[in-house]
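The values are calculated or read from the model by the stated rules, or taken from the named source; none is laboratory data. The model shown is predicted, which means the values in this text are computed figures rather than measured ones. Here Cβ is always computed from backbone atoms with ideal geometry, including for glycine, and neighbour counts include all displayed protein chains. Ligands, DNA and RNA are excluded from the accessible area calculation, which covers all protein heavy atoms including side chains. Shrake-Rupley method; radii C 1.70, N 1.55, O 1.52, S 1.80 Å.
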Amino acid sequence: MASSASQFNADATRMVGDLGHRQMVQQSLSGYQKARSSNAGRFQDWESARSRAAATKDEAIRHLDRYLEQFEEKLIARGAKVFWANDATEARSYILDLARAKQAKAIVKSKTMVSEEIHLNEALEKAGFHVVESDLGEFIVQLRHEAPYHIVFPAMHLTRGQISDLFQQKLGAEATSDPEALTMTARRTLRQAYIAADMGITGANFAVAETGMISITENEGNARLTSALPKTHVVLLGIEKILPRLADLSFFLPMLATAGTGQQLTCYNSMVGGPRSAEEIDGPEEMHVVLLDNGRTRLLADAEQRDALRCIRCGACLNVCPIFRNVGGHAYGTTYQGPIGSVITPHLRGLQSWQHLSQASSLCGACTETCPVKIDLHHHLLQNRRNAVAEKASPFQQLGFRAFAFVVNRPGLFAFAVRAMKCFSPLQRLFNATPADPAWPWTKSRELPSFARKSFRDLWKQRTS
Amino acid sequence: MNARDSILARVREALRGGSSSHPAESETQLADGPREVRPFLPKVPDDFAGQVALFAERSESLKTEFLSCADEAAASAQLQLLSDREGWESVAFPADSEIRGLLTGVSVGKLEVSRSTVKTDLEKVSAGITGCDALIAQTGSVLLTAKSGGGRALSVLPVHHVVVATYSQLVPDLPAAFELLEKKYAPNFPSFMTFITGPSRTGDIERVLVLGAHGPRKLTVILVESAGTNPSSIEQPPPS
Ligand code: SF4
């Protein structure tokens, strides 16, 4: 078993036992659920909206090469620079070189999951740059040297008390249990960071091919400040963010807000299409757009799971997932948690090391049902399981399935095996849920169902005789 | 091969590898245009008065302060009232804009924002006052651009953002807002355009709503009924 899998098992087991944590996550998510259903209700037809969004994303993906070229061409025409990165290393070193060339003393960042994906902060800090995360949740987890817990709500696992302690320790703030006071402490600290920063790094929620613009969705205003004040604006995005037309945003923006946070529209939806132009008052002198592949073309090549590239990272599938709600975001050990993370991580980082996440699913399908772009998430989990076994079944699995096939293909033997198991079952009861139990891996945390008194074959025989 | 070419080559190679079985992918004909998407987006009343009322209602739930004025003189008076209530020391606004005219009689420190404005000065003003490109009834949003908003920072750096709009700028919904942007600017869009929907907010601490996370803590929209464009009967917005 790969180490990421045993790590997952250990972390998941620990988190599932932490009732306080589970309760806290359930509680945060119940508010979301309420807001979301009332705002999805505002749509005259949420289902048609989903179909339209899925079809539009598919159109973008089907002609991804053409749209990427168009996006690049338009951006360059407006004075931005576009850099293509095959992988994380290339993206990191471009941004590092840029920071060096600009002699950036302070760098301010707004939330971007792609930068987590390529471990940008670590690289910048190691090279001696001072990087500040400006999204409140990200700022909090950065101070704790932790990864974001959730792609949309990075600090949802922390209580106000923990955050107050953290701010006391790291920022010398007063103790408080008031979320507003805590937010204002962060606001004051970060204001200085924006003013001082000479480089701003943001992500993008959408990349509009038609007009060569990125679109950023946020509530706090930190991405706006990050793309307004520093002299250099760097945008880091995956190649799948493409939308064909500017007008497509007219439904993607409200859908992202509804699915993501249960709002009708997120507070700021900003479209940026270049550095400050000659007649404009302010804005960065340079805009650098880094287009990242990092495994996305591998996912594209998988016709069965290609639809996962539609993902707009709204986080809805995490919010409804019974696994996420119980093991929490950190146990996944991935940049992208929850169902979408379990689906795409094997493509981005290797099937054998990450297929265990696809096993951690009840296949209830809540994710597929909630996804605003209709990604067939739970079937992809199933396909990952199949692919993992087809690629490399463990000797144990191979043996098990071969033995199973041998038995079920021989009716007499099968009937005998069933009867034999039934005879052994009282014996098993003696050791039930103890380490001496042969079914211990199962019975240590679950009930073993008891055998029916009559097998299906017995009943069938009775019925027909 | 450079990264650009190899990524594009991989994309083309991947797309050659058979089409997917997903139903949505076979729906190829995507007509664009608002006619296609309006039927599923949130409903907006057909009449103008209804749209104003919807904007007012959305504003209230977003905690945007919404004020309606008969004319520019009334808007000036409104600004004076705001200034007194909030204890403004100074306000910033785009140089060469109509805002200057509105502020003529208002006794408050004034900073005209231009190329040479220093960001630390802008950070200190009590309010940033801007125009906009449109108000969107459907969502209670303000659409502004680097052009109408006096650059990128003026509408986000000061703690209070005041938007002055005219009745003719109210559009029913998001599709109409994008149509307007294209008509007004394409292909030379301002480098920055944004939909502002309420004052800055966060729920990052225990999902408790806090206003003024990084952007303005207050957003005020003053809607001016300018001559010729307004229909006769306008429903009064609720008092703020
Ligand atoms: S897979 Fe769907 S629900 Fe999950 S984050 Fe992506 S778009 Fe949202």
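Hey, any hits in the stretch A:145-165 for a residue that's open to solvent by less than 30 Å² (accessible area, probe 1.4 Å), in a helix (DSSP H, G or I) and over 30 Å from residue A:70 (Cβ atoms)?
Quick first cut of the stretch A:145-165, residues open to solvent by less than 30 Å² (accessible area, probe 1.4 Å) only: A:148-151, A:153-158, A:163-164.
Okay, now just the ones that are also in a helix (DSSP H, G or I), so A:163-164.
With over 30 Å from residue A:70 (Cβ atoms) added as a condition, the list becomes A:163-164.
Yes, because at least one residue in the stretch A:145-165 is open to solvent by less than 30 Å² (accessible area, probe 1.4 Å), in a helix (DSSP H, G or I) and over 30 Å from residue A:70 (Cβ atoms).
Condition (residue is within 16 Å of the ligand (Cβ to nearest atom), on the phi > 0 side of the Ramachandran plot, touching a residue at least 12 places away in the same chain (Cβ under 8 Å) and away from chain B (no Cβ under 11 Å)) applied to the stretch A:294-316: is it met by at least one residue? There is at least one residue in the stretch A:294-316 that is within 16 Å of the ligand (Cβ to nearest atom), on the phi > 0 side of the Ramachandran plot, touching a residue at least 12 places away in the same chain (Cβ under 8 Å) and away from chain B (no Cβ under 11 Å). Is at least one residue of the stretch A:179-187 within 16 Å of the ligand (Cβ to nearest atom), at pLDDT 95 or above and either open to solvent by 10 Å² or more (accessible area, probe 1.4 Å) or in the same structural domain as residue A:259 (by TED's automatic domain parsing) (or both)? No.
Of the listed requirements (1) crowded, with 19+ Cβ neighbours inside 10 Å; (2) under 21 Å from residue A:215 (Cα atoms), residue B:188 misses just one: (1).
Please enumerate the residues belonging to the stretch A:289-322 that are in a loop (DSSP other than H, G, I, E, B) and under 23 Å from residue A:362 (Cα atoms). Spell out the reasoning first.
First, the residues of the stretch A:289-322 that are in a loop (DSSP other than H, G, I, E, B): A:293-295, A:302-305, A:311-315, A:321.
Across the stretch A:289-322, the qualifying residues are A:304, A:305, A:311, A:313, A:314, A:315, A:321.
Assessment of the stretch A:282-293 against the conditions (within 14 Å of the ligand (Cβ to nearest atom), of a type in the set (Asp, Glu) and over 19 Å from residue A:6 (Cβ atoms)) yields no matching residue.
Got a sec? Which of A:316, A:331 is in contact with an Asp or Glu (Cβ under 8 Å, 6 or more places away or on another chain) and open to solvent by less than 10 Å² (accessible area, probe 1.4 Å)?
Details: A:316 fails: in contact with an Asp or Glu (Cβ under 8 Å, 6 or more places away or on another chain).
Just one listed residue meets the conditions, A:331.
For (1) closer than 20 Å to residue B:99 by Cα; (2) more than 10 Å from chain A (Cβ to nearest Cβ); (3) not aromatic (Phe, Trp, Tyr), each residue gets a yes or a no:
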| residue | (1), (2), (3) |
| --- | --- |
| B:133 | yes, yes, yes |
| B:145 | yes, no, yes |
| B:151 | yes, no, yes |
| B:164 | yes, yes, yes |
| B:172 | no, yes, yes |
| B:189 | no, no, no |
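Among the residues making up the stretch A:114-131, those that are in contact (Cβ under 8 Å) with a residue 40 or more places away in the chain and open to solvent by 20 Å² or more (accessible area, probe 1.4 Å) are A:116, A:117.
Assess whether residue A:300 counts as being among the aliphatic types (A, V, I, L, M) and open to solvent by 10 Å² or more (accessible area, probe 1.4 Å).
Details: among the aliphatic types (A, V, I, L, M): yes; open to solvent by 10 Å² or more (accessible area, probe 1.4 Å): no.
No.
Would you mention how many residues in the stretch A:268-289 are more than 7 Å from chain B (Cβ to nearest Cβ) and open to solvent by less than 40 Å² (accessible area, probe 1.4 Å)? Lay out the reasoning, then the answer.
The first filter runs over the stretch A:268-289 and keeps only residues more than 7 Å from chain B (Cβ to nearest Cβ), leaving A:278-279, A:284-289.
Filter once more, so that each one left must be open to solvent by less than 40 Å² (accessible area, probe 1.4 Å): A:284, A:287-289.
Qualifying residue count for the region: 4.
What's the number of the only condition in (1) over 24 Å from residue A:197 (Cα atoms); (2) part of a loop (DSSP other than H, G, I, E, B) that residue A:111 fails to meet? For residue A:111, the exception is condition (1).
Of all residues assigned to the stretch A:374-390, at least one qualifies as being under 23 Å from residue A:4 (Cα atoms), open to solvent by less than 20 Å² (accessible area, probe 1.4 Å) and either away from the ligand (no atom under 16 Å from the Cβ) or outside any helix (DSSP H, G or I) (or both).
Somewhere in the stretch A:44-52, is a residue in contact (Cβ under 8 Å) with a residue 24 or more places away in the chain, more than 8 Å from every other protein chain (Cβ to nearest Cβ) and touching a Pro at 6+ places or on another chain (Cβ under 9 Å)? Yes, because at least one residue in the stretch A:44-52 is in contact (Cβ under 8 Å) with a residue 24 or more places away in the chain, more than 8 Å from every other protein chain (Cβ to nearest Cβ) and touching a Pro at 6+ places or on another chain (Cβ under 9 Å).
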